[in-house]
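Single-structure report; data block below.
Where a number appears in this text, it was derived from the coordinates with a stated rule and is not lab data. This structure is a prediction, so every number in the text was calculated from the model and none was measured. Please note: Cβ atoms are built from the backbone with ideal geometry, for glycine as well, and neighbour counts cover all protein chains shown.
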Amino acid sequence: MSIQDDIKAAIAKALQDIPCVIGWGAGPEPLRATPLFMRNAADVENFTAGFLAVNNPALYLPSCKGVKTALVVKGCDARSVGQLVAENLVKRDELYLIGYPCSGVIDVDKVAARLEGKCEPGEVTRLREENEDVILDTPGGEVRLAKKDIAADKCARCRYPNAESADVFIGEKRAPVVDQDEYADLADFEKLSLEERKAFWEKELSRCIRCYACRNACPLCVCRDHCVASSREPHWLTQADGVRDKLFFQLIHATHLAGRCTGCGECERACPVGIPVLTLKRAFSRQVEDMFGYMAGIDVNTTPPLLTFRLEEPEIKEREW
Amino acid sequence: MSKITLGYFPGCSGLGTSAEYEKSTRAVCRELGIDLREIPDWNCCGSTPAHTVDPVLSSAFSARVFAQGEQVGITDVITPCPSCLSNLRNALRHMDDELFAARVDALTERPLKQEHSIKSVLQVIVEDIGLDSVKARVRKPLTGLKAVAYYGCLMNRPEKVMRFDDPENPVAMDQVLEVLGAEVLPFPLKVDCCGGSMSIPARRSTPHLAGKILDLAGEMGADVVVVACPLCQMNLDLRQGQSRAAGLKYTLPVPYFTQLMAYAFGLSDADTAFKLLAEDIAPAFTCMSRRSDEIKAEEARKAVLAEEKARAAAEKAAKTQAGTETAAEKQPGGKSRANSASAAGGAA
Amino acid sequence: MRIGVFICHCGSNIAGTVDCAAVAAKAATYPDVAYATDIMYACAEPGQDAIIAAIKEHQLSGVVVASCTPRMHEPTFRKTVERAGLNRYMFEMANIREHVSWIGKDIEANTNKAAELVRMAAAKLRLNKELKPKSFPVTKRLLVVGGGVAGIQAALDAADAGLEVILVEKQPTIGGKMAKLDKTFPTVDCSSCILGPRMVDVAQHPNITLYAYSEVESVSGYVGNFDVKIRKKASYVDWVKCTGCGLCTEKCPARKSYDRFNEGVGPTTAIIIPFPQAIPKKASIEREHCRLLTGGKCGVCAKVCPTGAINYAMEDEIIEARVGGIVAATGYDLIDWKIYEEYGGGRYPDVVTSLQYERMLSASGPTGGHIKRPSDGVEPKDVVFIQCVGSRDPSIGRPYCSGFCCMYTAKQAILTKDHIPDSQSYVFYMDIRSPGKGYDEFTRRVQEEYKARYIRGRVSLVYPKGNKLIVRGADTLMGVQVEVEADLVVLAVGAEAASESAKLAEKLRISYDSYGFFMEGHPKLKPVETNTAGVFLAGACQGLKDIPSSVAQGSAAAAKAIGLLSRDMLDSDPQIAFVSANRCVGCGKCIEVCPFKAIQEIDLRGQPKAEVIETVCQGCGLCNATCPQGAIQLSHFTDNQILAEVEALCRF
Amino acid sequence: MSVLNTKELRIIGFLCNWCSYGGADTAGVGRFTQPTDLRVVRVPCSGRINPLFILKSLLGGADGVLVSGCHPRDCHYAEGNFYARRRLELLKGFLPVLGIDPRRFEYTWVSASEGQRWQHVVEAFTAQIHGLGPARGWPEAPELEILNAVAR
């Protein structure tokens, strides 16, 4: 029996006393799975885990408040859940987590790059996983790609492939991809001078269409309908179509996530125009880790660093005047 | 042993009036693993009288000394003489001001390129070498020598420039003498004026001022007045005849602390250079050895006493265990012996 | 909205370096400004009347006054607009004096900056809302911290006015520094004769509860209702049973304990009654000296105590109380004079402090009022007083004048002559500072009648020679060096704020200066108030002062406290947080950070929401900065108001 | 035109009412001369300061932002400045990510008695900002550019 079947069995068992289990099901095309809300055995048959299980199911938790809900989670999803629990935004005892060892998830853009000249990702007719590879059926025949070459960036720096906080864990635990997140993804950006960085954001943000997909994909953006981006009281943002306001929205998002972001990357994945908005959050996360030794979503019993303080802050070197 | 290498500025008196300071300093530094590299072709530090007349010219003298050092890769310099120390350090401090530095550079035509430091020999021994290292080298402890340390006006003052020891009650030399084994008396006039700079403009006040220092030291029962400054040494040592004429009662040898260090390290007469002192140090050492004998005898007596006490206690414990209560008789015996012993000590 | 702008000249204070008419002309162009003018003195009666008239004439709905700091006159002008029928919060101030005219002389830059500050104020005012205070009941009880003469005075005055008073004193007895003094200047009357009866009054007053040997542990709450925890330190003696007979102090074998009350002039016992007139007259054990408490062997006091009051197992006790106001009267300490190596740095026994000398002069002191040299017990003949030891000395970070040393030195010189008629006193001084009723006459008397030799100059060295102390100094009037052979040297040690004053300030949330002295609300107009409502200051804790001034300030602080607590209800400040329930997602972050537990979670139609407890909220706005969606806003300092100020500065 | 051309830069200060605003007043009372660039926004507590106010200022055209509150442990509201310290320090470290020189933002603690310290802070910070020169602006929406031009 495959892990997939074991998970399905666990889901079926969970459904005996939980009304809904959230996981993934086949999507509109072979390279994409879609969130799946399973309420009965028939739904469970559509369940799929593995390389296509990209979406973060924690996104739906705040709207499930008060109803016992089960989730199938990857390691990174579990961190989002953990942070929501730490902030008391969802109650742990209202959750049932089914974990499995994640070996990474697909980044369709990277597949597109690999297929360049052969075909469009949408023309792929079938995807099969074979150990550390995937095999794509394309109009031009089979294409074999290594998973690590087409996995999301976050998978290359994965410290928590196993949902450690799961109530039930299916399969053998995987070793972490890395022991330490070196924030290598920021290295190239940080080679830029201050002037170049400013130009970088001006250029990137000029594409922004203010669709707020980044916000809507973020499992920790719990304000939802009450986001300050669209309120008059307080009135932080105008509706003006300038880079300044577009960037300022990203800064609102990033500061609101400082000390909370688990780096799941859904914001950046959701962006239809490919703005690297995760960079802002990662910059904050690194500082938070250095300054307060805090990693979001790991320990549900630690108060997030911006909601507490110490009388003496050993890592804060204030300016001597 | 780890060696340190430092630039060395002997100063003018090292070649003349304070030759004993110079000899003993070199000997002591050698023993302590300080490799002294004398600054090549050094010149006057620019102290009296230049600095009272023209501060820029005075600092230029100092600047040339540092420039000479820089040429051979020396930037950390030490000097035994507090007066040189003061002028060299003040020159560096004044040259922090760019305008001043420019005026100095115009005179020397050799602007300094590196950061320089200047410290006294005393400061290096106490802070960089450490008293433990000094103690480890003592072969002939100065046990029984009653000493007072006299620092003079310049070694620790002004506080903001010297940044070493307490400006009103310095203790560095006291500590050195203590690890050499001497008994250091708490001398209140440590930083009083010896009259040094008065010796030309107000000659008659010098023996008076120097005499006051020697007088109190003598009154306190000191065998020696230990110094670290050539000018102080000269005033206190050389003028004792004048001081006696002005009413001074005591005759006291005035050695440099480095001389006593050399002596305690067991170095040769050439290194201690005691014979260059005006007042003979021999009587002080005679007092020292007599007192040292007394101290040894006293220690021996104490050891015997302690042994006896321990034996008595053991016996008492044994008897108590046996149920007899006669140990009380033992104690008066022990006491009377102690009394007679201290009486004998007093008579000696 | 119709805004009126008034640019105050403040005489020449502002108009000297700001073109007020130009600022007013500029202000007239700002959005919603219906009227703008400049005015000579906005705060004076004609100025206030002009504002009221303008409000009526131009139907103004909000007012900006550009003048001094709002910390000074905001309450004044709020009352003014209220008199004209506006809500008091429809008012903003622009600080163009402290922040503009007083800190620069460039008229062009100042005028421009003043106009900018007015623009900010007007932009904010456009978003102001009418706010109404709520009333809450007041606890009619006063806490006085410190039982020196200032605290005693404040406690007695408040108690006489009918208030309940809690007096907390750190030492086992009240009386403070004054109780240690032998006589007081300039009358040379006996200190304990004038202070003693007042101490007894404290003990006997039905409205005063005294906690001696106690300290303030923590303070929470706000004006009208502070919740105070008082730590009653273990005295190891049950004070209910103790009669103060003193038998224990006679029998205690630990006779080498440090005598705190007598400034260590002689040793004392481990169990003590500090002095015969102590209030409360109860014994207490100093733990570090007690043989039983440190070594486990002794118990003499328990054996001799006729009432069985000794309790070695006693522990600190925490007492909780609610008070409406607090008077801090924690006094001063002497600076550490041992840092002066030139005076011996504590090495010479015959160099004593002025307070030690005071104990040597006192008939109830360890020497029975006989002046004796600590080294050999001999009566001194030549006594040298050195003034300004630790005062007016920037090199040790104490540049200020302690204020009372000149006077007590003169007094001590007189007393020296009284005690030892054939003695000679010498006083080394910098300047004689004696501005007080009868003070300068007093310092003349000591020189003319008592023949004390006053030498203007500093002492460079004190050193022992034989059984004398040689005092060497300068006589700057004669231009010579002087040496005095003294038998005893008395250092007029300067004072600093009591050692733990900073800790208390943090508990009371009041400011203190770099020397530890508590900051008054205003140096002239609010000398006993602090910027924390309901906390008042008395005595040397606010700044060094002598006994008459301390007593006067004690009474002043009491008067302020009585005024506050005579009211049954107080108005709460309406500048507090409020929640837009429809925007709140109930995440509870505001509840987590609120320092006052002023926000609670409520259930609104099945949804968790935050709710502000209005009388508990203090208006810091931390919740506002924490709430991601801005659902909780601080009234009068809302996000939009601050954004309007930022916009006003950035956009134009 | 808010700042004087060539003479001033646009510096916004956020000061807590109890300590630093009082310290600035004390500096004024003491006639401690200061540069005129700074404009002060008074807030009750440094804990009230949302880091976004600072970002809004810097994106909006401020050349420098200075925040000052009560010294740690001396907060009038007991804890506000402790939270502020964490938030402001994080913000300062974040500014370079946007290409903003972190020296354009400083935070400090000045008590109501520290008039001289306030003078020093203002002088030092103003000099620092003048050293950095005017900040380069961020592009606004085209229609706003036109409106602003009209307003000016």
List the equivalent ellipsoid semi-axes of the stretch C:577-635 in whole Å, largest first, each obtained as the square root of 5λ for an eigenvalue λ of the Cα gyration tensor. 16, 12, 10
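Would you mind giving the three semi-axes, in whole Å and largest first, of the ellipsoid equivalent to the stretch C:19-169 according to its Cα gyration tensor?
Working: eigenvalues 321, 85, 36 Å².
After diagonalising the Cα gyration tensor, the semi-axes are 40, 21, 13 Å.
As a footprinting exposure proxy, order C:C10, A:C64 by other Cβ within 10 Å, with the fewest listed first.
Values: C:C10 24, A:C64 17.
Sorted ascending by nearby Cβ count, the order is A:C64, C:C10.
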Calculated [θ] (222 nm, deg cm²/dmol) that DSSP helices of n ≥ 4 give over the protein assembly as shown, each run adding -39,500 (n - 2.57): -10500 deg cm²/dmol
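Taking the Cα centre of the stretch C:478-582 as origin, sum charge times position over the Cβ atoms of Lys and Arg (+1) and Asp and Glu (-1), and report the length of that vector in debye to the nearest 20.
In total the dipole reaches around 560 debye.
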So what are the ³J(HN,Hα) numbers for the stretch A:282-292, from phi and the Karplus equation (6.51, -1.76, 1.60; θ = phi - 60°), rounded to whole Hz, Gly and Pro as x? 5, 4, 5, 4, 5, 4, 4, 5, 5, 7, 10
Inter-chain Cβ neighbour average for residues A:221-228, partner chain, 10 Å: 5
With contacts defined as alpha carbon pairs under 8 Å and 6 or more residues apart, what's the relative contact order of the stretch C:525-647 in percent? 21 percent
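Given the convex hull of the Cα atoms of the stretch A:108-150, what is a quarter of its surface area in nm²?
2.6 nm²
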Taking H placed 1.01 Å from N in the peptide plane, check which residues at least 5 places from B:E38 or on another chain put their amide H under 5 Å from its amide H. B:Y8
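Could you tell me what % of all Cα pairs in the stretch C:83-132 have separations over 17 Å?
Numbers: 550 of 1225 pairs.
Percentage above 17 Å: 45.
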Select from the stretch B:230-304 those trypsin sites (Lys or Arg not before Pro) which occupy a DSSP coil region and have at most 15 other Cβ atoms within 10 Å, ordered by residue number. B:K249
Can you tell me the relative contact order of chain A? Whole percent, Cα pairs under 8 Å, sequence separation 6 or more. 17 percent
Taking alpha-carbon centroids only, the stretch A:118-197 lies from the stretch C:290-331 a number of Å equal to 70 Å
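Evaluate Rg over Rh across the protein assembly as shown, taking Cα atoms for both radii and Kirkwood's formula for Rh. List each step's numbers first, then the result.
Numbers: Rg = 40.6 Å, Rh = 39.2 Å.
With Rh from the inverse mean 1/r over Cα pairs, Rg/Rh is 1.04.
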Computed over chain C: longest principal axis from alpha-carbon atoms vs helix C:547-565 long axis, angle to nearest 10 degrees, is 40 degrees
Taking just the alpha carbons, could you work out the radius of gyration and Dmax for the stretch C:426-502, both in angstroms? 15.3, 44
Rg(Cα) / (2.2 N^0.38 Å) computed for the stretch A:180-283, rounded to two decimals: 1.07
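Tell me whether the stretch B:1-129 comes out rounded, prolate or oblate; compute the Cα gyration tensor, take square roots of the eigenvalues as a ≥ b ≥ c, and use a/c under 1.5 as the rounded threshold. Please list the in-between numbers first.
Values: a/c = 2.13, a/b = 1.57, b/c = 1.36.
Prolate, since a/c reaches 1.5 and a/b exceeds b/c.
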Could you state the per residue volume, in Å³, of the convex hull enclosing the Cα atoms of chain C? 203 Å³
Under 8 Å for C-alpha pairs, at least 6 residues apart: give me the relative contact order for chain C, rounded to a whole percent. 13 percent
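Indicate, rounded to the nearest 5 percent, the antiparallel portion of the DSSP beta bridges found entirely in the stretch C:335-496. Please report the intermediate quantities before stating the final value.
Values: 14 of 31 bridges.
Looking only at bridges with both residues in the stretch C:335-496, the antiparallel portion is about 45 percent.
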Expressed in angstrom, Rg and Dmax over the Cα atoms of chain A are 20.5, 69
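Which entries in B:K135/B:K309; C:K134/C:K526; A:K118/A:K203; A:K281/C:K589 show an alpha-carbon gap greater than 22 Å?
On the way: B:K135/B:K309 33 Å; C:K134/C:K526 26 Å; A:K118/A:K203 30 Å; A:K281/C:K589 20 Å.
Checking Cα-Cα distances, B:K135/B:K309; C:K134/C:K526; A:K118/A:K203 exceed 22 Å.
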The helix C:107-125 Cα axis meets the longest alpha-carbon principal axis of chain C at an angle in degrees, between 0 and 90 and rounded to 10, of 70 degrees
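Just to be sure I understand: of the beta bridges DSSP finds with both ends in the protein assembly as shown, what percent are antiparallel, rounded to 5? The partial results should precede the final answer.
Values: 73 of 166 bridges.
Of those bridges, close to 45 percent are antiparallel.
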Semi-axis lengths (Å, descending) of the ellipsoid that matches the C-alpha gyration tensor of the stretch B:144-197: 21, 13, 8
Over the whole of C:468-475, what's the average partner chain Cβ count within 10 Å per residue? Rounded to a whole number, please. 1
Search the structure for amide H atoms under 5 Å from the amide H of A:F309, placed 1.01 Å from N in the peptide plane, and list their residues when 5 or more places away or on another chain. none
For the stretch D:1-73, shape from the Cα gyration tensor axes a ≥ b ≥ c, cut at a/c of 1.5 then a/b versus b/c, turns out oblate
Rounded, prolate or oblate: pick one for the stretch C:353-426, where a ≥ b ≥ c are the square roots of the eigenvalues of its C-alpha gyration tensor, a/c under 1.5 means rounded, and failing that, prolate if a/b is larger than b/c, else oblate. prolate
For helix C:639-651, what angle does its Cα long axis make with the longest principal axis of chain C, in degrees from 0 to 90 and rounded to 10? 80 degrees
C:I7 long-range amide H proximity, modeled H, under 5 Å: C:T37, C:D38, C:I39, C:A66
Filter A:K68/A:K154; C:K129/C:K597; A:K8/A:K173; C:K26/C:K56 down to the pairs with a C-alpha to C-alpha distance above 27 Å, please. A:K68/A:K154
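How large is the convex hull of the Cα atoms of chain B per residue, expressed in Å³ as a whole number? Show your work: numbers first, answer last.
Working: hull volume 57.0 nm³, N = 348.
Cα convex hull per residue, to the nearest whole number: 164 Å³.
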Dipole check, chain A, charges on Cβ (K,R +1; D,E -1), about Cα centroid: among A:P304, A:Y212, A:V108 the Cα furthest to the positive pole belongs to A:Y212
Could you pull out which residues in the stretch C:541-582 have an amide N less than 15 Å from a spot 7 Å beyond the Cα of C:E614, following the Cα-Cβ vector? C:570-580
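Given Cα positions, please report Rg to Rh for the stretch C:335-496, the hydrodynamic radius being the Kirkwood one. The partial results should precede the final answer.
On the way: Rg = 14.7 Å, Rh = 15.7 Å.
The Rg/Rh ratio comes out at 0.93.
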